[in-house]
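Chemist: Got a structure for you, questions after.
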Amino acid sequence: MAEHADHAEHAEHPAYPVGLRLAGRRVVVFGGGQVAQRRLPALIAAGAEITLISPSATPSVDAMAEAGEITWIRRRYEEGDLADAWYALVATTDPVANAAISAEAERTRTWCVRSDDAEAATAWTPATGHSEGVTVAVLTGHDPRRSAAVRDAVVEGLRNGSITAPSHRARTPFVALVGGGPGDPDLITVRGRRLLAEADVVIADRLGPRDLLSELPPHVEVIDAAKIPYGRFMAQEAINNALIEHAKQGKSVVRLKGGDPFVFGRGMEEAQALAAEGIACTVVPGISSSISVPGAAGIPITHRGVAHEFTVVSGHVAPDDPRSLVDWASLAKLTGTLVILMGVDKIGKIAEALVAHGKSPDTPLALVQEGTTATQRRVDATLATVAETVKAEDVRPPAVIVIGDVVNEAPDKLVRQPAE
């Protein structure tokens, strides 16, 4: 009766939330099953000195021990295991051992979490999430699913900008080079969407996910990179100057690009220009159209038994152009998949060069125009017929070209939900 009365007394009072700083402090985990597997990564990330006491463990927990992230003592609980411990996690399947560990934790004043009996614990583990330096921790008593749902809603809101939490520290010039993905606005990364929501200025490419721009708050200045006046400067120099100018005004600047900033996106040129001016820059990778667009059209760029490698090539310069840096003779000898970006108007000459260097004229080929968007379409051909097909079908940029036997591996029916 005394134990039940103690539980009832605890239930009348809410838990006091606190953030434990466990770096360099001893933490003991009892039990190496699924509960430990879920909890250990956060304890490792907190820098705790973790001792696992359990006769067995899951393969994932075993891997943590093998990597030196935790110390694993392969036995059951023994009296005195909590000596010098700051925090304990009890997750064994033995209720007698769990009770004994809890009793020792009470005597040694060690905060103790129990996976089998929350009421018998002296601490509860909240549902936690992280977003750019903010830790969200939610406790709802005995409803862990609700805790997780609230946690997810808050973290998602912070990430996508629907929950605004402006920083009040002094601003320094800052630019984010954000890869917007292949076109579908849902395919931008979570971090990219959050940075867009926090931006003061967005300098956008024509091939970036344009639908995202309509979601920006009214105060955000949106600049079309294609329309920046550049006079005697080259267009890229003008874009670099615009990034520098707005950043030096103390604004949060996002350079929104299609695909990935470093896959034929000239992102490094912009990063170098910013670095030369002492302006902080972060790169947010994007989903490259070289992989995502073929996938959206049902084409795997690798497939077991068909292709063990793939090569991504810029087609904006024809093979016979002296500026070309591509070794087309070597590419023709490869047996894997060849993906051509920015090559619609040069595909005839590209096909001729590949065939001239030994590629079969019957090699299958697919052009995927406006990939991942509502207007996506796929046109199939071969190296021998592609030049005529592009004209006959009026294929226009942007389009990703896939060359190789993987083109024929698409399923008969591919369920695809186009962007709304």
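Chemist: Can you name the condition, by its number, that V339 falls short on among (1) at pLDDT 95 or above; (2) open to solvent by 60 Å² or more (accessible area, probe 1.4 Å); (3) farther than 22 Å from R191 by Cβ?
Modeler: That leaves (2) as the condition not met.
Chemist: Just one of (1) at pLDDT 95 or above; (2) open to solvent by 50 Å² or more (accessible area, probe 1.4 Å) trips up S115, so point out which.
Modeler: (1)
Chemist: Could you tell me how many of the residues in the range 198-224 are assigned to a helix (DSSP H, G or I) and under 24 Å from S292 (Cα atoms)?
Modeler: 6
Chemist: Which of (1) touching a Ser or Thr at 6+ places or on another chain (Cβ under 6 Å); (2) without any contact (Cβ under 8 Å) to a residue 40 or more places away in the chain does S330 not meet, given it meets every other one?
Modeler: Result: S330 fails condition (1) only.
Chemist: Related question: For the subset of the range 371-388 comprising residues that are open to solvent by 40 Å² or more (accessible area, probe 1.4 Å) and either more than 34 Å from the chain's Cα centre (by Cα) or not polar (S, T, N, Q) (or both), which member is nearest to N408 (Cα to Cα)?
Modeler: That would be D380.
Chemist: Is it the case, given these coordinates, that I347 is within 31 Å of the chain's Cα centre (by Cα) and either surrounded by 16 or more Cβ atoms within 10 Å (Cβ to Cβ) or within 28 Å of A410 (Cα to Cα) (or both)?
Modeler: no
Chemist: Here's another thing I want to ask about it. Being within 17 Å of P182 (Cα to Cα) and open to solvent by less than 40 Å² (accessible area, probe 1.4 Å) is true for just one of V368, V395, V407, V317. Which residue is that?
Modeler: Within the list V368, V395, V407, V317, the selection yields V368.
Listed here are the residues, each with its yes/no results for (1) within 25 Å of V400 (Cβ to Cβ); (2) open to solvent by 80 Å² or more (accessible area, probe 1.4 Å).
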| position | (1), (2) |
| --- | --- |
| L177 | yes, no |
| L195 | no, no |
| I203 | yes, no |
| P218 | no, yes |
| A235 | yes, no |
| A242 | no, no |
| K251 | no, no |
| G265 | yes, no |
| M268 | yes, yes |
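Chemist: Any idea which of (1) open to solvent by less than 50 Å² (accessible area, probe 1.4 Å); (2) free of Cβ contacts under 8 Å to residues at least 12 places away in the same chain is the one P322 doesn't satisfy?
Modeler: Single failed check for P322: (1).
Chemist: If you take the residues of the range 270-294 that are of a type outside the set (A, V, I, L, M), under 17 Å from L187 (Cα atoms) and open to solvent by less than 50 Å² (accessible area, probe 1.4 Å), which of them is nearest to the chain's Cα centre (by Cα)?
Modeler: Only one residue fits best here, namely G286.
Chemist: Here's something else I'd like to know. Which of the residues that make up the range 121-150 are part of a helix (DSSP H, G or I) and buried (at least 19 other Cβ atoms within 10 Å of the Cβ)?
Modeler: Passing the criteria: only S147.
Chemist: Could I ask something else about it? State whether one or more residues within the range 71-85 are within 32 Å of the chain's Cα centre (by Cα), modelled with pLDDT of 95 or more and closer than 28 Å to T135 by Cα.
Modeler: Among the residues of the range 71-85, at least one is within 32 Å of the chain's Cα centre (by Cα), modelled with pLDDT of 95 or more and closer than 28 Å to T135 by Cα, which makes the answer yes.
Chemist: Assess whether T93 counts as being surrounded by fewer than 12 Cβ atoms within 10 Å (Cβ to Cβ), over 32 Å from the mean Cα position of the chain (by Cα) and over 23 Å from V155 (Cα atoms).
Modeler: Criteria met by T93.
Chemist: Looking at V368, V312, V339, V317, which is the one that is touching a Leu at 6+ places or on another chain (Cβ under 7 Å) and of a type in the set (A, V, I, L, M, F, W, C)?
Modeler: V312
Chemist: Looking only at the range 397-420, which residues are at pLDDT below 95 and either within 26 Å of R206 (Cα to Cα) or touching a Leu at 6+ places or on another chain (Cβ under 6 Å) (or both)?
Modeler: P397, P398, R416, Q417, P418, A419, E420
The values are calculated or read from the model by the stated rules, or taken from the named source; none is laboratory data. Since the structure is predicted, the reported quantities are computational estimates derived from the model, not experimental observations. Counting neighbours? That spans all protein chains shown, and the Cβs are built from the backbone with ideal geometry, glycine included. Surface accessibility is based on the protein's heavy atoms, side chains included, excluding ligands, DNA and RNA. Shrake-Rupley method; radii C 1.70, N 1.55, O 1.52, S 1.80 Å.
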